[in-house]
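S.K.: Dropping a structure here in structure tokens format, bear with me for questions.
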Amino acid sequence: MSDDTGEPEVELEARLEEQETFEPPESFVEQANVSDPDVYEEFEENWPDCWERAADLLSWDEEYDTVLEDGDAPFYEWFTGGELNASYNCLDRHVEEGAKNRAAIKWEGELGETRTYTYGDLLNEVEAFAAALRDLGVEEDDVVTLYMPMIPELPIAMLACARIGAPHSVVFAGFSADALATRMNSADSEYLVTCDGYYRRGDALNHKEKADKGLRGVENDVQTVVVDRLGDELTHFLGADAHDYGELVAEHEGASVEPVSRDAEDMLFLMYTSGTTGEPKGVKHTTGGYLAYTAWTSHAVLDVKPEDTYWCTADIGWITGHSYIVYGPLALGTTTMMYEGTPDYPEKDRLWDLVEKNRVDTFYTAPTAIRSFMKWGTEYPERHDLSSLRLLGTVGEPINPRAWKWYYKHIGDEECPIVDTWWQTETGGMMITTLPAINEMKPGSAGPPLPGGMMITTLPAINEMKPGSAGPPLPGVDARVVDANGDEVEAGQAGYVTVNNPWPGMLRTLYQNDERFIEEYWTEYSDEEADEWVYFPEDGAKIDEDDYITILGRVDDVINVSGHRLGTMEIESAVVGVEGIAEAAVVGGDHDVKGEAVYVYAIPEDGYEDRHAELEEKAMEAVLDSIGPIARPEEIVFTPELPKTRSGKIMRRLLENIASGDELGDTSTLRNPEIVDEIADQVAGD
Ligand code: WT7
């Protein structure tokens, strides 16, 4: 990094470590999409019509009549009466405006091969595949399941579905066969698009085998399309009823498929996510509100411009990839990057190599990745010219200030603002984050000048960056931190996040389960009688004197492993399914890189007490089979008992403390306090 102040590097490092607030460089502010601080007031005064500003980023086939329809809250509707097509908005309109030769997707495979799709190319292939899907029988509103890794055919299939009005349900490729089957059954899906395999650390993984295994558990007769990713690497087995993607696209080359006008409230996609109970929740997102919201937040927060090369390193199998690799960036007509593989293959500088080669402007990643980069050391980013970067972002879990500062310095060279964006699968897009270019002094809060007339350098400002704190809610978003009664907590206090007004990107319901939708999100803090609806995201948080929100983590039985949300109940039910295991409790424990890791505490059945190794292997296998490698337990501890309260409830908090190596505190209220030390010794002993 440059050090033209003459300060020794060590001092500079120390200064950075202590610094608590950061401001965006003037050069960034000057070019930013949104830099007028009045945007906050403007949104507040014109709410909900302020959201027209988001809708204006889209092309509508039919103008909407009403911005927000709240007559049947919490079943809110946005931009009602409006009609549009998401694939038209992400493709055709850019081509019509002359951008046919601009790169839409730049992809790199793990082995180094690259593919670039211009907007023109992408439209052609989307149309061909849309025509093929129709030929297979896909009709408007049929749910098409996409079970694919990070290959261009995944966004192509998503947009092809969107074009013909068929909602997609993308299942993360790392999920197991069982997880695929559960999601297909839940969505009553009759169509699957998958692939033969993909590369991980140089090895070809057989994905088709996993898909086939999953299909055996699906109730419907399924039509399957298989993308040939690996060529000859794996025999490209096609069962009798499977279709080859390449052949289908070739057969339909040149097809022209009119984008179907969808009602703003028609479903664009389903995305399954974990909750408190074992059953994954099918989060329903719609066409108008979701697309407007992801386009607006990409514009205002990620500062995406059509001429940018933008890179979000998430997997499209999660909501981050849907909103900020595919829909938001493509709606704005930018170049979005995709990388198939792992960040440390063949070496730990792979991502920086990609940034340099592609002159990436914006880089959006997860804290867990940043903590890995830190661990690997600065030599890897230092090998590359990262000066093309203009903005950095993080998402998925809280970022510790040290990791934030490392990112700021070693990746951004202290020249890039960082946006720490809090949101969820359910919110569709970002909710709490600073706006990167707004740095308005707070009226009335500037202190007196220092003696000698020197200006104070760190005046309290709206939207200055505070490492570790996501920031204020976005304009138009009414997020608060409240106590158990729903009253806002004082600055400095901790409480729970609530969202007290609806927003366009919000989930509309849980697929075919309105009751669970209300129960999961709208009961804790709403007053049904008074028709006052408050959304509860199940996160704990603190708020400071500048209304900055620092997210503390989930308050339900969901843990966040490397930015991925896992339900402890799902893991528990896999473990107790193992013969020889009587009872199990699964909790999250702190982890340096992953944020949280999975800890399993299990009680062997009578007769299995001496067979821990065998049980451990089976439990591990059960977790991998029912969820996938992301849920792989850090540790499986066998114990004759679990710590329980006198009323027989498992003390999860205590198990979490043991897993994290934290103070255990008072255990005297337990029915069996003696078991605690025994378990703690086992965990520490490993
Ligand atoms: C949960 C949502 C948002 C897309 C990726 C995860 C946690 C998310 C942050 C952040 C602290 C964060 C929350 C949230 N989370 N972003 N910037 N700071 N925590 O989506 O799988 O639906 O998980 O991730 O706990 O509830 P998800």
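The numbers here are math on the coordinates, done by the rules we state, and not lab data. Since we're looking at a predicted model, the values are computed, not measured. All Cβ positions, glycine included, derive from the backbone under ideal geometry; neighbour counts span all protein chains shown.
S.K.: Longer than 21 Å from Cα to Cα, which of Lys208/Lys618; Lys213/Lys284; Lys375/Lys594 are they? Say none if no pair is.
M.R.: On the way: Lys208/Lys618 24 Å; Lys213/Lys284 27 Å; Lys375/Lys594 12 Å.
Check vs 21 Å cut-off fails for Lys208/Lys618; Lys213/Lys284.
S.K.: Answer with one residue from Met430, Pro629, Val29: the one whose Cα lies farthest towards the positive end of the charge dipole of the chain, charges on Cβ with Lys, Arg +1 and Asp, Glu -1.
M.R.: Pro629
S.K.: At what distance in angstrom do the alpha carbon centres of segment 139-217 and segment 31-97 lie from each other?
M.R.: About 30 Å separates the Cα centre of segment 139-217 from the one of segment 31-97.
S.K.: Please give every one of the lysines within straight-line cross-link reach of Lys305, meaning a C-alpha to C-alpha distance under 27 Å, and leave out same-chain neighbours fewer than 8 residues apart.
M.R.: Lys100, Lys106, Lys357, Lys405, Lys409, Lys466
S.K.: Order 250-259, 470-479, 492-501 from most to least packed using the mean count of other Cβ atoms within 10 Å. Intermediate values should be presented prior to the final figure.
M.R.: Numbers: 250-259: 14.5, 470-479: 22.4, 492-501: 18.2.
Ranking, from highest mean packing down: 470-479, 492-501, 250-259.
S.K.: Send over the per residue convex hull volume for segment 557-685, Cα only, as a whole number of Å³.
M.R.: 102
S.K.: Quick one: length gained pulling Glu545 to Ala14 fully straight, 0.36 nm per residue minus the C-alpha distance?
M.R.: On the way: separation 531, 0.36 × 531 = 191.16 nm, distance 2.58 nm.
Extra length from Glu545 to Ala14 when fully extended: 188.6 nm.
S.K.: What is the packing order of peptides 577-590, 606-619, 422-435, taking the mean over residues of other C-beta atoms within 10 Å and listing the highest first?
M.R.: Numbers: 577-590: 19.6, 606-619: 14.1, 422-435: 25.7.
Sorting 577-590, 606-619, 422-435 by mean packing, highest first, produces 422-435, 577-590, 606-619.
S.K.: List the equivalent ellipsoid semi-axes of segment 193-236 in whole Å, largest first, each obtained as the square root of 5λ for an eigenvalue λ of the Cα gyration tensor. Don't skip to the end; give the middle numbers.
M.R.: Numbers: eigenvalues 94, 23, 10 Å².
After diagonalising the Cα gyration tensor, the semi-axes are 22, 11, 7 Å.
S.K.: Compare the peptides 74-84, 648-658 by average per-residue count of other Cβ atoms within 10 angstrom and give them in order, highest first.
M.R.: On the way: 74-84: 21.8, 648-658: 17.7.
Top to bottom by mean Cβ count within 10 Å: 74-84, 648-658.
S.K.: With unit charges on the beta carbons (Lys and Arg positive, Asp and Glu negative) and the dipole taken about the Cα centre of segment 557-685, which residue among Gly665, Val600, Gly685 sits farthest to the positive side?
M.R.: Gly665
S.K.: About the Cα centre of the chain, what is the dipole size in debye to 20, counting +1 per Lys and Arg Cβ and -1 per Asp and Glu Cβ, all else neutral?
M.R.: Details: 50 positive and 140 negative charges, 274 e Å.
Dipole size: approximately 1320 debye.
S.K.: When a/c is below 1.5 the answer is rounded, else prolate if a/b is larger than b/c, else oblate, so apply that to segment 1-121 with a ≥ b ≥ c taken from the square roots of the Cα gyration tensor eigenvalues.
M.R.: Details: a/c = 2.71, a/b = 1.38, b/c = 1.96.
Since a/c reaches 1.5 but b/c is at least a/b, the shape of segment 1-121 is classed as oblate.
S.K.: Can you tell me the Rg and Dmax of segment 112-260, counting just the alpha carbons, in angstroms?
M.R.: 14.5, 41
S.K.: How much of the DSSP bridge set in segment 112-260 is antiparallel, in percent, rounded to the nearest 5?
M.R.: About 20 percent, rounded to the nearest 5.
S.K.: If you don't mind, there's one more thing I want to ask. So what's Rg/Rh here for the chain, counting alpha carbon atoms and using the Kirkwood radius for Rh?
M.R.: On the way: Rg = 25.2 Å, Rh = 26.3 Å.
Computed over Cα atoms, the ratio is 0.96.
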